[in-house]
Amino acid sequence: MKKLISILAAVALTALMLLCCGCGDKQDTTVIRLNEVTHSVFYAPLYAAIKEGFFEEEGLTIELTNGGGADKVMTAVLAGQSDIGLAGPEACIYVYNQGKEDYPIVFGQLTKRDGSFLFGRVKEDFSWENLRGKTIIGGRVGGVPEMTLEYVMKQHGVIPHVDATVDTSVQFNMMAGAFTGGTADYVTLFEPTATELQNEGKGYILTSIGQDSGEIPYTAFFASQTYIRENSDTVQRFTNAVAKGQRWVQESTAAQIAASVADQFPDTDLQVLTTVAQRYKDIDAWNATPVMKQEALERLETVMESAGELTRAQWVDFNKLVDNSFAEKASK
């Protein structure tokens with residue numbers, strides 16, 4: 001009888017220990033609703049952070065949605081439908097200049113130059129002079145892709161709407177379809193769309209707009225001041241994961257990056273993803289850390305001013321729009 005009691009006690013103790021261990025291993029994760037401006041290999045450091053488990057390490061789960069344009073991403077953030085937005089910081093500048101009290105703050109930068117490529121119908125020895133008299137689908141008025149295109153055109157002496165037509169009537173996520181449907185002579189496209197269309201014989205990648213534009217904070221993470229204040233620990237953990245993703249991408253080959261982001265692009269061939277990843281590495285598209293530089297933001301404001309979307313009086317104080325504290329801590 002005593003032996004039976006001892007056995008039962010041992011079994012009970014073992015079960016209790018296993019239960020306790022299970023409880024200790026189980027961690028609640030914080031869900032972050034992240035809204036991205038478009039879905040592109042251009043954002044590989046983010047997707048790598050998801051795939052390689054860096055968000056999971058920080059106790060975070062990412063719910064990723066595609067806004068289909070910076071204006072729509074900002075609307076979702078302002079309405080509380082998304083916690084964090086990933087888009088061009090110009091959206092934050094516009095909201096700031098509208099005088100909104102709880103304007104969004106940029107707390108991390110992902111990419112540091114334009115990630116779009118000029119795509120044409122014929123293979124040519126490309127020169128920006130070739131755009132004279134032609135029509136280019138450029139994107140939404142006031143969006144960074146369209147403004148950067150016009151900025152580069154001007155830098156090469158081709159004046160938009162004078163020497164060439166820039167069509168801004170096509171929605172951002174409909175630009176490829178409009179071009180393949182017969183609209184315009186050229187279009188700006190992100191990857192992997194550009195490479196896929198080229199492989200399908202529907203045109204040619206002619207040049208990288210980002211190589212000519214110089215470094216600008218092309219896409220960044222932002223959230224309302226209220227969200228950041230009430231969820232500072234979550235924002236820090238989010239930025240930590242992004243920083244890990246950026247470091248991982250810097251240290252990885254194009255093939256490794258392609259394999260990591262493949263789940264995000266199930267309909268895209270792995271070789272295409274590898275080609276695209278190498279193309280973005282070649283133009284040095286990705287930030288090495290989430291820290292945003294003041295001179296980079298000022299170049300963006302120069303581009304916006306050149307496009308007529310911002311006056312010098314509307315330039316925003318860097319320290320009012322950007323909080324680098326999370327990024328600096330994550331970078332260490």
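Computed from the coordinates by the stated procedures, all read-outs in this text should not be read as laboratory data. Since the model is a prediction, treat every value here as computed from it, not as a measurement. Neighbour counts run over all protein chains shown; Cβ positions are idealised from the backbone, glycine included.
Taking packing as the residue-averaged number of other Cβ atoms within 10 angstrom, the listed peptides 61-72, 158-169 run from highest to lowest as 61-72, 158-169. GNM remark for the chain: springs join alpha carbons under 10 Å apart, and the peak mean-square fluctuation among 170, 249, 73 falls on 170.
Full-extension gain between residue 163 and residue 66, please, as 0.36 nm times their residue separation minus the C-alpha to C-alpha distance.
Working: separation 97, 0.36 × 97 = 34.92 nm, distance 3.44 nm.
Using 0.36 nm per residue and subtracting the Cα-Cα distance, I get 31.5 nm.
Computed extension gain for residue 156 through residue 31, at 0.36 nm per residue and net of the alpha carbon distance, reaches 40.4 nm. Taking 7 Å steps out from each Cα toward its Cβ at residue 263 and residue 284 produces label points 3.2 nm apart. Inter-label distance, residue 180 to residue 302: 3.7 nm, where each label sits 7 Å from its Cα along the C-beta direction. Between the beta carbons of residue 229 and residue 125, assuming R0 = 45 Å, the FRET efficiency works out to 0.25 to the nearest 0.05.
Count the DSSP beta bridges whose two residues both fall in the chain, then state the antiparallel fraction as a percent rounded to the nearest 5.
Beta bridges within the chain, antiparallel portion: roughly 50 percent.
Which residues does the label zone of residue 199 cover in the range 36-53, counting backbone N under 18 Å from a point 7 Å along Cα→Cβ? Those under the cut-off are 39-44. Summary of the geometry: the range 188-214 and the range 267-287, compared by the centres of their Cα atoms, lie 11 Å apart. As a calculated quantity, the FRET efficiency between residue 332 and residue 102 at R0 = 41 Å, using C-beta atoms, amounts to about 0.90.
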